[in-house]
Amino acid sequence: MGNNLKPIGVIDSGVGGLSMVFALDQLLPSEEIVYVADPLHFPYGEKNKNELIPIVSSLISFLTESLKVKLIITACGTISSNCLEELSTLFQVPFIGIIDPASNDAVKKTKTGKVVVLATSATIKSGTFRKHIQKINSAITVKEEAWPEFVDAIEKGLHQTEQWKQWIQNQLFRFQKENFDTIIMGCTHFALISSFFQDIAKTSFEIINPALSTAQEVKKYLEKTDLLNQSKLGSKRIFVRGNSTNIKKAIQNFSELQKIRPEVFPEMNQENKILYNSQRICTPASTPR
Ligand code: DGL
């Protein structure tokens with residue numbers, strides 16, 4: 001098989017990665033996409049790098065060894081901000097994360113020079129978005145906020161209640177008073193609800209959806225490396241490690257993806273050996289808060 005015909009792998013902890021599958025499907029419909037979601041280890045955003053590397057490595061081994069992907073997109077903000085460098089040394093496959101593309105877009109969009117980053121605790125703790133944005137333009141003010149409870153509400157599909165809408169409105173009002181005009185939805189779960197968020201924010205803010213920024217970056221990369229797949233409409237597959245209830249529900253919001261039947265992440269090979277180490281690696285009790 002020519003390298004350009006190989007699939008693109010996408011990884012995330014839960015429903016949020018669908019934002020990336022959707023963005024890629026819209027921009028690069030010929031590409032084969034394999035998305036691996038890992039609700040078994042959700043939330044990634046409350047774990048540290050040493051916990052995350054083995055968890056994510058098993059997903060990457062599956063994508064590289066079994067499915068021979070040509071590229072892996074770490075749709076997850078937590079992985080992109082904490083683990084990308086180390087994963088690039090552990091695996092031969094190229095990686096594209098969300099930090100660079102989303103930061104570039106935010107810098108282009110802001111008029112007041114003030115950008116908010118909303119993400120998980122682990123992403124905010126790393127300061128990676130702030131460092132990237134200020135590397136591009138050191139004059140930009142960056143406010144970074146972790147909203148872990150809101151991540152959880154989205155994972156469970158509860159974010160559209162009046163209470164959460166009011167809560168979001170209050171936060172936006174606070175940002176507006178401080179003259180922030182651009183918001184990066186710095187975790188996949190927030191990216192997934194970018195338009196819902198834009199509806200609440202009206203025209204007061206530029207909402208940056210990293211999935212859209214990253215899909216553009218992927219296109220440029222595939223063109224540059226001669227890896228574009230232009231053969232036919234590419235298939236989309238979703239593997240789920242853990243309970244697939246939330247993913248199945250979230251897929252229904254995307255008419256283009258509704259026909260996909262999530263598959264179970266493979267645990268055993270024919271000799272009954274664990275292939276990709278998919279037993280729960282972290283217990284909830286061991287995750288730092
Ligand atoms: N996927 C994570 C991210 O984008 C958010 C959800 C989680 O904490 O696992 O950072």
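Values quoted throughout were computed directly from the atomic coordinates according to the rules given, and no laboratory measurement underlies them. Worth saying up front: this structure is predicted, and the values here are computed from it rather than measured. No Cβ is skipped: glycine too gets one built from the backbone with ideal geometry, and neighbour counts run over all protein chains shown.
Does region 63-70 contain at least one residue that is more than 22 Å from residue 119 (Cα to Cα) and without any contact (Cβ under 8 Å) to a residue 12 or more places away in the chain?
Scanning region 63-70 turns up at least one residue that is more than 22 Å from residue 119 (Cα to Cα) and without any contact (Cβ under 8 Å) to a residue 12 or more places away in the chain.
Going by the conditions given, is residue 118 crowded, with 18+ Cβ neighbours inside 10 Å, under 30 Å from residue 4 (Cβ atoms) and within 19 Å of the chain's Cα centre (by Cα)?
It is false that residue 118 is crowded, with 18+ Cβ neighbours inside 10 Å, under 30 Å from residue 4 (Cβ atoms) and within 19 Å of the chain's Cα centre (by Cα).
Where in region 121-211 are there strands (runs of 3 or more DSSP E), lying fully within it, with 3 or more residues that are surrounded by fewer than 19 Cβ atoms within 10 Å (Cβ to Cβ)?
Passing ranges, in order: 141-146.
Any idea which residue in region 25-49 is surrounded by the fewest Cβ atoms within 10 Å (Cβ to Cβ), counting only those that are part of a helix (DSSP H, G or I) and within 16 Å of the ligand (Cβ to nearest atom)?
By that ranking, first place goes to 49.
Please determine, by comparing only the residues of region 82-94 that are within 15 Å of the ligand (Cβ to nearest atom) and not aliphatic (A, V, I, L, M), which one is farthest from residue 137 (Cα to Cα).
83
Read through the list (1) within 19 Å of the chain's Cα centre (by Cα); (2) within 14 Å of residue 116 (Cα to Cα); (3) basic (Lys, Arg), then give the number of the only condition that residue 174 fails.
Residue 174 satisfies every listed condition except (1).
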